[in-house]
Amino acid sequence: MQKTTDTAALKRLENMLVLGASILDAIPQAVMGLRNRRIIFANNAVRDIFGWQPEELIGRHVSIIYRNARESQRLARLFYQKLAIQRTVEAEYPCRRKDGQDILCRLRAARTGETLVQRRIVVTYDDITEQKRVEEELRTSHQQLRDLSLHLQSLREKESTRIAREIHDELGQSLTALKMDVSWLGSQLSGEHRILREKTERMAALIDTIVDSVHRISTELRPILLDDLGLTAAMEWQAQEFQNRCGVECDIDMDFRESILEKDLATTLFRIFQEILTNVARHAGATHVGVHLTERGNRLRLEITDNGRGITPEQISDPKSFGIMGICERAGLWGGRVRITGKNGKGTTITVLIPLTSREV
């Protein structure tokens with residue numbers, strides 16, 4: 001009777017071992033059991049990841065799959081220190097296949113008992129070499145696109161500056177000379193040429209209107225204040241223009257060192273400010289806008305709040321919200337981020353945070 005019981009117990013143990021081996025072999029990651037850094041079992045996936053047959057690894061030191069023995073010892077000390085106080089540890093580490101090919105693996109180690117006895121652990125290895133390569137290519141591509149976008153924006157600003165100055169200087173001067181000629185012509189006409197004098201007066205008034213349009217167009221292309229007097233003066237002027245044009249009260253408060261700003265960053269902040277005011281005028285239905293530009297630590301914070309109808313989450317995420325997309329893109333070129341919040345009937349707040357120490361491109 002005892003012999004029959006022992007046989008059944010051995011059979012159950014054998015079945016459990018077979019089941020455990022089957023489960024291990026079904027796992028796509030390489031799995032190894034270690035005791036004092038010696039391999040005591042390995043599943044079939046070690047063939048795919050490391051090029052070793054499982055039986056070739058049994059009894060071998062685990063450093064055989066690492067690129068650098070000394071570094072693997074350092075890693076082991078770190079793992080065992082952590083496993084003494086926690087169940088699992090995870091890390092990325094350079095490994096090496098049997099054929100000498102270097103790969104990068106994600107390691108997950110777990111102790112086999114409640115305590116770390118004889119350094120008994122189970123380690124899984126996942127080959128992430130291709131994943132990291134693709135991530136690096138995407139990161140490089142993203143950086144190149146950001147570089148290109150920044151370059152194109154810089155070119156557009158330079159071209160806008162050139163056109164604005166030509167319009168202001170050449171066309172503006174020509175119109176001024178024409179106004180003087182028309183005024184002189186009107187002064188030469190006697191009283192009996194009343195109709196002609198009235199005509200010259202209307203021509204002079206039309207020239208004044210054209211001069212105002214030229215000034216407005218050149219200013220919209222590139223505010224001369226931004227180049228000559230800096231961001232503070234340009235934003236104050238834009239706020240006043242917005243208030244005069246839209247009838248929306250605009251309070252502006254700035255506390256930052258203008259000397260720390262690169263010219264391109266000042267332009268970026270001004271364009272973001274312009275775009276936000278344009279969105280307020282088009283969509284908010286606001287009567288008041290508060291603008292705060294401050295320097296805190298190593299970053300700039302631009303916060304614009306209105307008391308309008310309040311932007312909705314759907315409007316924020318709408319792929320056709322090109323104004324918001326433009327704001328986020330401009331800020332992103334400098335490693336910045338944009339936060340937009342709105343409350344129904346209580347207005348919208350847009351916060352732009354841009355670091356001063358580095359630019360993410």
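Here, each number is a calculation from the coordinates, and none is a lab measurement. These numbers come from a predicted model, not from an experiment. No Cβ is skipped: glycine too gets one built from the backbone with ideal geometry, and neighbour counts run over all protein chains shown.
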Mind listing the long-range amide H neighbours of Ile252? Cut-off is under 5 Å, sequence gap 5 or more, other chains count too, H placed in the peptide plane at 1.01 Å from N. Val291
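Would you please put 206-216, 35-45 in order of how densely packed they are, using the mean number of other Cβ atoms within 10 angstrom per residue and starting with the highest? List each step's numbers first, then the result.
Values: 206-216: 13.2, 35-45: 17.0.
Output ranking for 206-216, 35-45: 35-45, 206-216.
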Going residue by residue through the stretch 240-247, the Karplus relation 6.51 cos²θ - 1.76 cosθ + 1.60 with θ = phi - 60° gives ³J(HN,Hα) values, rounded to whole Hz and with x marking Gly or Pro, of 5, 4, 4, 5, 5, 6, 9, x
If contacts are Cα pairs under 8 angstrom and at least 6 residues apart, what is the relative contact order of the chain in percent? 9 percent
Please work out how many pairs of lysine residues in the chain are eight or more positions apart (or on different chains) and have Cα atoms closer than 25 angstrom. 6
Helix 194-221 sits off the longest principal axis of the Cα atoms of the chain, rounded to the nearest 10 on a 0 to 90 degree scale, by 20 degrees
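Mean residue ellipticity at 222 nm from the helices of the chain, using -39,500 (n - 2.57) per DSSP H segment of n ≥ 4 over the full residue count, to the nearest 500 deg cm²/dmol?
Computed mean residue ellipticity for the chain: -17000 deg cm²/dmol.
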So I have [x] 153; [y] 131; [z] 241, and one of them is volume of the Cα convex hull per residue in Å³ calculated from this model. Which one is it? [z]
Scalar couplings 3J(HN,Hα) for the stretch 40-57 by Karplus 6.51 cos²θ - 1.76 cosθ + 1.60 (θ = phi - 60°), nearest whole Hz, x for Gly and Pro, are 10, 7, 8, 8, 5, 5, 5, 5, 6, 8, 10, x, 9, 6, x, 5, 5, 8
Quick one, what does Rg over Rh come out to for the stretch 128-222 if you take C-alpha atoms and the Kirkwood Rh? 1.52
Cα-based convex hull, the stretch 229-361, per residue volume (Å³, whole number): 97 Å³
Whole-Hz couplings from phi, Karplus 6.51/-1.76/1.60, listed for the stretch 84-89; x for Gly and Pro: 5, 10, 9, 6, 10, 9
Amide hydrogen neighbours beyond the local backbone of Cys105, cut-off 5 Å, H modeled: Tyr93, Cys95, Ile128
